[in-house]
Amino acid sequence: MKQINIYNILSKPAAVLFQMLKAFIILQFIFIYASSLAQEKSKQVFDSIAFYQKQLEKPDNSKSRADNLVKLAQNYNLNDRHDKASPLLFEALEIYKSLNLEKELAYCNYEIFNTGNAKNSEQSRRHLQAFYDYAKKKNNIKALVQSHLGFGVSYLSSKTYPKAKENYKKAIALARKIGDSLSLVRARGNLGLIHSGYENLQDSARIKYQKNIDYLQSTTEHELLVNNLINYANSYEKEKKFKLALNYINQAKEVPISTNVDLYHKVINAKLARYHYELGDYKTALDYMYKSEQLRRKINYEKQKIAIADLQEKYEAEKKEKENIVLKHDIEKKEKVQQLLWAGIISALVIGSLIVFLILKNARKKRELIRKEEQLKQKQIEKELKDQELNSIDTLIEGQEKERQRLAENLHDNLGATLAALKINLMQLQKPDANFKQQALQNGVELINDAYEKVRGMAHEKSTGVIAKKGLLPAIKKLANQFSTQDLAISVEDFGLDNRLDNSLEIRIYRIIQELLTNIIKHAKATQAIISLTNHDSCLNIIVEDNGIGLPKNFKFSNQTGIGLGSIEKRVENLMGTIEIDSNPQRGTSIIINIPL
């Protein structure tokens, strides 16, 4: 832009007018400059800064602190205090890294890129690249648009125009894809700057500016509208078409803006001064140049005021720190006196507590010894009772075996003779004499009745002599063989029963299995039964299963009467074992017994 020299203006016919207005201008400037001393930055920005500073004083978790650091930095950036914003963002960045918060980390990198004026540096681009990598990974089109706009600004600042142009074109394509009109306006406007300033394609630049202006006139994005109107004017200015440029800069002047007002009006007034000067309207040019100078001084003053405020803040911080040091020293002295006092009190308490502890410990030891003696006595009593119970059980089993032997002998001597006689009578039926057949039948009926009466007096007893001779496993196999018929196949599976068990234990186990098989034969309607015996880790596992109709629903051994199934659970409990039932009409019944050895 061509600079206006006041002495060039004085050399024109307007010099006399300038002299007349000189005194008025100086007085007016003094008044406006003095008034500007009382103005403050936007109250909203300062209130936000104070709010987030207060938030950071509270004890909070790391993520909340990082979020408040970013918000405080954003408010500093709105106030152009990038020196304060930058360290806050880097602190937040480290917190997000430690918490592995990918999204927050990416957007913090983007904020760091937008902080300050060094967007064309490699370090600044590295932060933008991190944001771009995140956007690409998540396929976040909006973030990709922001990334390409950022790269465009960075390369435009470093005058790397081809790369800047490439990124702006990518931003335009993506913004159209998602309908992001404002990003489209920004990218198209910056592409227009490249056409105008680097490629000298003013018509192409103005086409893009006009598209933006047409869209922005129906929105509240007044700053963007002003930017495009100024750029439109610059395009005509480059072609020295100052009258056309004046038309667009006047339009920019009429747009109501609420942010960066002084900066925009300074630029607009400077442009108006230049265009009026070039068109020969020196008085108007002087007025606008004066207004632009006023705003420049006001902006500089605001910057100075901020710098003074920073110095004041640092001074107050140092003063407070010194006061804290003095206060800390006084507190430390008081704490030392208190520490000595407390040390004496604590020492006395410790010694007293130690004496009490030793007394209580001695009493506790005596009580512990008495308790252990009582426990030993109780265990001895329990052992004796258990031994008595075992002896009683062994005696009972011995008596039962004697009784069974007696019954076996009775069956052999009495029922055996009866059955032998019955056999002889039945053989008589083979003779042709009818009288003999009739007599044989009559005798047979009497013998059957006699055998029936004798059997009724016996309670399901069977000889277990095979157990005493060969052990449990051969007895079970023999029992399975005896109970097997053409309609029911019974098999035995064993593991780890190479050595015999205690004789009384073998007999009790045999009786349990015998009763379970009897129940299968009577009630299960099964075609197959399996007896599994496993000796493992000092525990005998018995599984008796069939493919019959299953047990009734909610069946319990304890609910059964008689000397059969009702006694099985009691027998297992006497052996310190456990019993489980798994029954289903579709797959029969499995009874699982575990007996410790």
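Just to verify a number: FRET efficiency for residue 383 and residue 537, C-beta to C-beta distance, R0 = 30 Å, to 0.05? Each step should come with its number before you reach the end.
Details: r = 25 Å, r/R0 = 0.82.
Result of the calculation: an efficiency of 0.75.
Please list 78, 286 from largest to smallest accessible area, probe radius 1.4 Å, with all protein chains kept in place.
Working: 78 125, 286 15 Å².
From most exposed to least exposed: 78, 286.
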Problem - Full-stretch length increase - residue 351, residue 141 - with 0.36 nm per residue and alpha-carbon distance subtracted - result: 68.3 nm
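Keeping all protein chains in place and using 1.4 angstrom, which order do 199, 403, 302 fall into by accessible surface area, from largest down? Write down the numbers at each step before the final one.
On the way: 199 50, 403 75, 302 15 Å².
Correct descending sequence by accessible area is 403, 199, 302.
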Practice task
Report, by chain and number, residues whose modeled amide H sits under 5 Å from the one on residue 501, excluding near sequence neighbours (fewer than 5 apart, same chain).
Solution key: 472
Problem - With DNA, RNA and ligands ignored, accessible area of residue 527 (1.4 Å probe; Å², nearest 10) - result: 80
Fill in the blank from the handout: Dipole check, the stretch 259-375, charges on Cβ (K,R +1; D,E -1), about Cα centroid: among 299, 279, 375 the Cα furthest to the positive pole belongs to 375
Handout entry: residue 381 accessible area, 1.4 Å probe, all protein chains in place, Å² to nearest 10
Key = 90
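I need to check one value: relative contact order of the stretch 207-254, counting alpha carbon pairs closer than 8 Å and at least 6 residues apart, in percent. Please report the intermediate quantities before stating the final value.
Values: 40 pairs, mean separation 15.9, N = 48.
Once normalised by length, the contact order is 33 percent.
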Completion exercise
For the stretch 289-298, in residue order, the Karplus 3J(HN,Hα) values (coefficients 6.51, -1.76, 1.60; θ = phi - 60°; whole Hz; Gly and Pro = x) are 5, 5, 5, 5, 5, 4, 5, 4, 5, 5
Practice task
List every residue whose amide H lies under 5 Å from the amide H of residue 492, counting only residues 5 or more places away in sequence or on a different chain, with H placed 1.01 Å from N in the peptide plane.
Solution key: 531
Problem - For the stretch 492-507, 3J(HN,Hα) per residue [Karplus equation, 6.51 cos²θ - 1.76 cosθ + 1.60, θ = phi - 60°, Hz, x = Gly/Pro] - result: 10, 10, 9, 8, x, 9, 5, 9, 6, 9, 4, 4, 5, 5, 4, 5
Handout entry: Antiparallel %, DSSP beta bridges [both residues in the stretch 477-576], to 5
Key = 55
Handout entry: Simple spin-label estimate for residue 394 and residue 199 in nanometres, 7 Å along Cα-Cβ
Key = 11.1
Practice task
For the stretch 120-219, with all protein chains present and a 1.4 Å probe, just round the carbon and sulfur fraction of the accessible area to a whole percent.
Solution key: 48
Completion exercise
Under a 1.4 Å probe, counting only protein heavy atoms, residue 334 has an accessible area in Å², nearest 10, of 140
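Got a sec? What order do 504, 538, 147 fall in by accessible area at 1.4 Å, biggest, i.e. largest, first? Walk me through the numbers on the way to the answer.
On the way: 504 20, 538 85, 147 0 Å².
Accessible-area ranking of 504, 538, 147, largest first: 538, 504, 147.
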Problem - Size descriptor, Kirkwood hydrodynamic radius, that averages inverse alpha-carbon separations across the stretch 166-310, Å - result: 16.3
Handout entry: Per-residue HN-Hα couplings for the stretch 223-235 [Karplus 6.51, -1.76, 1.60; θ = phi - 60°; Hz; x = Gly/Pro]
Key = 4, 4, 4, 4, 4, 5, 5, 5, 5, 4, 5, 4, 4
Exercise for the section: Return the long-range amide H neighbours of residue 198 (sequence gap of 5 or more, or a different chain), with a cut-off of under 5 Å between placed amide H atoms. Expected result: none
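The values are calculated or read from the model by the stated rules, or taken from the named source; none is laboratory data. Note that the structure is a prediction, hence the values are computed from the model and not measured. Positions of Cβ are generated from backbone atoms using ideal geometry, with glycine treated the same way; all protein chains shown enter the neighbour counts. Protein only, heavy atoms only, side chains kept; ligands, DNA and RNA dropped before computing areas. Shrake-Rupley method; radii C 1.70, N 1.55, O 1.52, S 1.80 Å.
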